[in-house]
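Here the structure is laid out as structure tokens; the discussion comes afterwards.
The values are calculated or read from the model by the stated rules, or taken from the named source; none is laboratory data. Here the structure is a predicted model, which is why all the values come from computation and not from measurement. Here the Cβ positions follow ideal geometry from the backbone for every residue, glycine too, while neighbour counts run over all protein chains shown.
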Amino acid sequence: MITRRTLLASASMGATLTALGSGVAAQAAKPLHIVVGFPAGVLTDNVTRALSEELRPSYPAGVIVENKVGAGGRIAAEFVKRADDDGNTILLTPSSILSIYPHVYGKLGYDTLVDFKPVSAVASFDYAITVGPAVPATVKTLPEFIQWCREDPTQAKYGVPAAGSTSHFIGTLLSRATNVPFTVVPYKGGAPLIQDVLGGHIPAIIDPVSNALPYHQSGKLRVLAIASSKRSALLPDVPTVVEYNLESLVAKEILAVYAPSKVPAARVQKLHEEIAAAVEKAKGRFAAILVNPERMNPAELGTFTRAELGRWKTVVAASGFKAEE
């Protein structure tokens, strides 16, 4: 017998399902905004645009890439932190923005673990230790470069695309591991960095492999080592730092998506599923821009983020570096 209680329960369940369905439909009916903290044409932006093309079928209203440029990616993070809780405004960022910056800036407008929910890893890339014409052609390996710097400490310098970046602290780790007092020379972006090492104004740089690749292939620069535990498919003949017993230098940059902390868990999971499917479809696009597809669910990305926060806290503290506000 169908009782009044059964009818009420069925009605309640139907209303709940209708509400959930309406919520999903409402989210799909709105455009998805992917916020990037860097200008159009740089690596993070290129990855975001490749991903956005594969996400469009899930968002009939469109997928919009918003470049909130400035402060090394901090402006974008602060913008997403304040976004609505519907999950239609998300951040795609190098993980270092959330794992290193909290240790280098005394005043930061976000708290990584409080203000964001990890959603999904998207792509990754490795860093290369590269030398230019300021270093003698006889220096062909990383140990030889280290020895050259020992013999002439005035040349123990390396350039990086930004102060307080992952590449900055790979150099710090190199200095600690080799007892060579390397001096970091920060630039404002990768383009002037490459131009100065090509011009012989600085002996070495630490930069993404993709930036050094064409110059290594042309013989204008020499990549001495990859800061990874395994060799790069882009440069299979170049040794890793692990092969030189410099395991502490391993540092893979993960490009990942984070949502505002108030976004419901169910919406975060749905975003992850959409992004993971889009990453799978974007493998060809990623190969063209020289990055590797990555897959981490929200829990895995959360574990990675917390581990990176702990790792870089120790490294930054030992370096004594503090960024200008």
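Among the residues of the range 44-66, are any in contact with a Ser or Thr (Cβ under 8 Å, 6 or more places away or on another chain), among the small types (Gly, Ala, Ser) and either assigned by TED's automatic domain parsing to the domain that holds Gly189 or at pLDDT 95 or above (or both)? No, there is no match, as no residue in the range 44-66 is in contact with a Ser or Thr (Cβ under 8 Å, 6 or more places away or on another chain), among the small types (Gly, Ala, Ser) and either assigned by TED's automatic domain parsing to the domain that holds Gly189 or at pLDDT 95 or above (or both).
In this entry, Ile146 is excluded by the filter for residues that are closer than 21 Å to Gly190 by Cβ and surrounded by fewer than 24 Cβ atoms within 10 Å (Cβ to Cβ).
Inclusion of Pro118 among residues that are modelled with pLDDT of 95 or more and surrounded by fewer than 15 Cβ atoms within 10 Å (Cβ to Cβ) is not warranted.
Given the criterion closer than 17 Å to Val315 by Cβ, more than 21 Å from the chain's Cα centre (by Cα) and modelled with pLDDT of 95 or more, identify the matching residue among Phe182, Phe145, Phe169. Being closer than 17 Å to Val315 by Cβ, more than 21 Å from the chain's Cα centre (by Cα) and modelled with pLDDT of 95 or more holds for just one of Phe182, Phe145, Phe169, which is Phe182.
Screening the range 230-325 for helices (runs of 4 or more DSSP H) wholly inside it with 3 or more residues that are touching a residue at least 12 places away in the same chain (Cβ under 8 Å) and either under 30 Å from Ser175 (Cβ atoms) or in the same structural domain as Asn179 (by TED's automatic domain parsing) (or both) returns the ranges 298-319.
Within the range 19-48, residues that are closer than 29 Å to Tyr127 by Cα and among the aromatic types (Phe, Trp, Tyr) reach partners that are outside any loop (DSSP other than H, G, I, E, B) and at pLDDT 95 or above with beta carbons closer than 6 Å, at six or more positions or on different chains, in the pairs Phe38/Thr44; Phe38/Asp45. Looking across the range 62-93, the residues that are surrounded by fewer than 20 Cβ atoms within 10 Å (Cβ to Cβ), of a type in the set (A, V, I, L, M) and farther than 18 Å from Ala50 by Cα come down to Val69, Ala71, Ile75, Ala83. Check whether at least one residue in the range 246-260 is closer than 22 Å to Leu43 by Cα and among the aromatic types (Phe, Trp, Tyr), and report yes or no. Yes: one or more hits.
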